[in-house]
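Beneath this line is the structure, given in structure tokens, with notes to follow.
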Amino acid sequence: MASEISVAINNESDVVTARQRGRELAARIGFSSTDQTLFATAISEVARNIVSYAGHGEIVLCAIEEGHRLGILVVARDQGPGIADLELAMRDGYSTGNSLGVGLPGARRLMDDFELLSELGVGTTVTMKKWLR
Amino acid sequence: MTVPILKQGDTLIASIQAALSDRDLMDLRDDLAGRVGRLRSKGVIIDVTALDVLDSFATRTIRGIAYTAKLRGADTVVVGIQPDVAFAMVQLGLTLDGIATSLDLEEGMALLEARKAARGV
């Protein structure tokens, strides 16, 4: 198993770095160019959420293996204010910031597995996986 | 990294070179809004051929550029959205409603010319 890649997210240019690292890793594992783009776009959305709502955080990328299938894991983590209503945050078009409100629900559609954990005053963790078909 | 803006007749062409940060995109919006007035441009082409990701922020900013240019009297055409990028945008639920798009720069120019002719400019 490949080692983890961690990208500190402190400003918007780190969003670009995170998605580039993600694309590189997806390419190495053998994802198609379309899947690389879907993956990079999902990373961009969750990384942007860190910058917009928490200010600082990190994106951890790593290759994963489960049985015979290979995949890629992304963990986006921050110690920001947390999300009050997770169900609402996952609804299309809902946004407390100045955005389109597609970030989290959109990222879920781009990935295979998606999990959102958040606690007010503690932080938010988004865990996403994409499997190689 | 600033986006170079070329002037060709009364059309402005902004070719986005690589992965742009949010700040670069906002600078481009402000820069284009100013130039449309100064140069009395009637058309704006935003070439995104080199962009490998168009996420919600980038899409919203491009939309903002097009609507701003429209209010300043210029039509905008977004050209060169790559097939993978288009697919990801659809999955994300992003649209460019009311904004003209073309396959490439050449078709974008032709579209602007046709619109100008129709408006009798």
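The values are calculated or read from the model by the stated rules, or taken from the named source; none is laboratory data. For clarity, every value in this text was computed on a predicted model and none was experimentally measured. Neighbour counts are summed over all protein chains in view; Cβ atoms, including those assigned to glycine, are modelled from backbone coordinates with ideal geometry.
Evaluation of B:Ile46 against the conditions (1) farther than 19 Å from B:Ser21 by Cα; (2) modelled with pLDDT of 95 or more shows that the sole unmet condition is (1). In the range A:26-37, the qualifying residues are those that are surrounded by fewer than 16 Cβ atoms within 10 Å (Cβ to Cβ) and more than 10 Å from chain B (Cβ to nearest Cβ), and the one that is nearest to B:Met89 (Cα to Cα) is A:Ala27.
Among what's in the range A:14-25 and is within 12 Å of another protein chain (Cβ to nearest Cβ) and over 17 Å from A:Arg77 (Cα atoms), pick the residue that is surrounded by the fewest Cβ atoms within 10 Å (Cβ to Cβ). Checking each candidate, the answer is A:Glu24. Of the residues making up the range B:1-41, those that are surrounded by 14 or more Cβ atoms within 10 Å (Cβ to Cβ) and of a type in the set (S, T, N, Q) are B:Thr11, B:Ser15, B:Gln17, B:Ser21, B:Ser41. Restricting the search to the range B:67-80, which residues are surrounded by fewer than 22 Cβ atoms within 10 Å (Cβ to Cβ) and either of a type outside the set (Phe, Trp, Tyr) or in contact with a helix residue (DSSP H, G or I) (Cβ under 8 Å, 6 or more places away or on another chain) (or both)? Of everything in the range B:67-80, those that are surrounded by fewer than 22 Cβ atoms within 10 Å (Cβ to Cβ) and either of a type outside the set (Phe, Trp, Tyr) or in contact with a helix residue (DSSP H, G or I) (Cβ under 8 Å, 6 or more places away or on another chain) (or both) turn out to be B:Thr68, B:Lys70, B:Leu71, B:Arg72, B:Gly73, B:Asp75, B:Gly80. The helices (runs of 4 or more DSSP H) located wholly in the range A:14-133 that include 1 or more residues which are within 15 Å of the chain's Cα centre (by Cα) and under 19 Å from B:Ala88 (Cα atoms) occupy A:33-49, A:103-110.
Going through A:Gly71, A:Gly57, A:Gly80, A:Gly103 one at a time, which residue ends up being within 24 Å of A:Thr17 (Cβ to Cβ), within 14 Å of another protein chain (Cβ to nearest Cβ) and buried (at least 19 other Cβ atoms within 10 Å of the Cβ)?
A:Gly103
Sort out which residues of the range A:38-54 are surrounded by 19 or more Cβ atoms within 10 Å (Cβ to Cβ) and in contact with a strand residue (DSSP E or B) (Cβ under 7 Å, 6 or more places away or on another chain), and write them in order of number. A:Phe39, A:Ala42, A:Ile43, A:Val46, A:Ala47, A:Ile50, A:Val51, listed by residue number.
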